[in-house]
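Read through the structure below, which is laid out as C-alpha cells, and then see the notes.
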C-alpha cells in the first residue's frame, strides 16, 4: 500500500508541497509526534478510538490518513516493524534511513543520502525507483544492558 519512491519521499516537505490535512490526519500526526516509539496503524486506532474529539473508528480511516501523511513527508513507515514514525527531518530533504533496535524497538532516523549513492553507482543501467534503508541492531542502552548480563 505504501510506496517509498526515493524521488518523492520527504522531498515534498522541502519543496513546499502541502497537502491539506483534515482533523483525522492531524490527530494521527500529533499522536505519532508525541510517541516515543513507532506505532502501527492498530496502535494508532486504539490510542485514538476513545478520544471523543477524533472521528477515527475504523482501520481504513487510519490507513488513509497514514498514506496522506507519508506522501506529505510528515510520517515514515518503518517496514521492519510494520509501524510508523513522525518525520524528525534528520535527513534534511534527502531520503531517510532508520536504525532499528531489535531489543527495545527504538527507531532513530538518519540521512541516508550516502547509503543511497552506493546502489545508484552499481546498478549497471538499472533504474532504482524504490528503496527503504533500515539497519537493525542494538541501541546504546540495550548494548549496555547486554554487557551487564
Q. Does the range 82-99 contain any residue that is surrounded by fewer than 20 Cβ atoms within 10 Å (Cβ to Cβ), under 13 Å from residue 134 (Cα atoms) and in contact with a strand residue (DSSP E or B) (Cβ under 9 Å, 6 or more places away or on another chain)?
A. yes
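With the structure loaded, tell me whether residue 62 is modelled with pLDDT of 90 or more, touching a helix residue (DSSP H, G or I) at 6+ places or on another chain (Cβ under 6 Å), within 28 Å of residue 103 (Cβ to Cβ) and crowded, with 18+ Cβ neighbours inside 10 Å or whether it fails that test.
Values: modelled with pLDDT of 90 or more: yes; touching a helix residue (DSSP H, G or I) at 6+ places or on another chain (Cβ under 6 Å): yes; within 28 Å of residue 103 (Cβ to Cβ): yes; crowded, with 18+ Cβ neighbours inside 10 Å: yes.
Considered against the rule, which asks whether it is modelled with pLDDT of 90 or more, touching a helix residue (DSSP H, G or I) at 6+ places or on another chain (Cβ under 6 Å), within 28 Å of residue 103 (Cβ to Cβ) and crowded, with 18+ Cβ neighbours inside 10 Å, residue 62 comes out as yes.
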Q. From 70, 115, 133, which residue is modelled with pLDDT under 95, surrounded by 13 or more Cβ atoms within 10 Å (Cβ to Cβ), over 30 Å from residue 146 (Cβ atoms) and touching a strand residue (DSSP E or B) at 6+ places or on another chain (Cβ under 9 Å)?
A. 70
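The values are calculated or read from the model by the stated rules, or taken from the named source; none is laboratory data. Because the structure is predicted, anything quoted here is derived from the model rather than measured. All Cβ positions, even for glycine, are placed from backbone atoms using ideal geometry, and neighbour counts span all protein chains on display.
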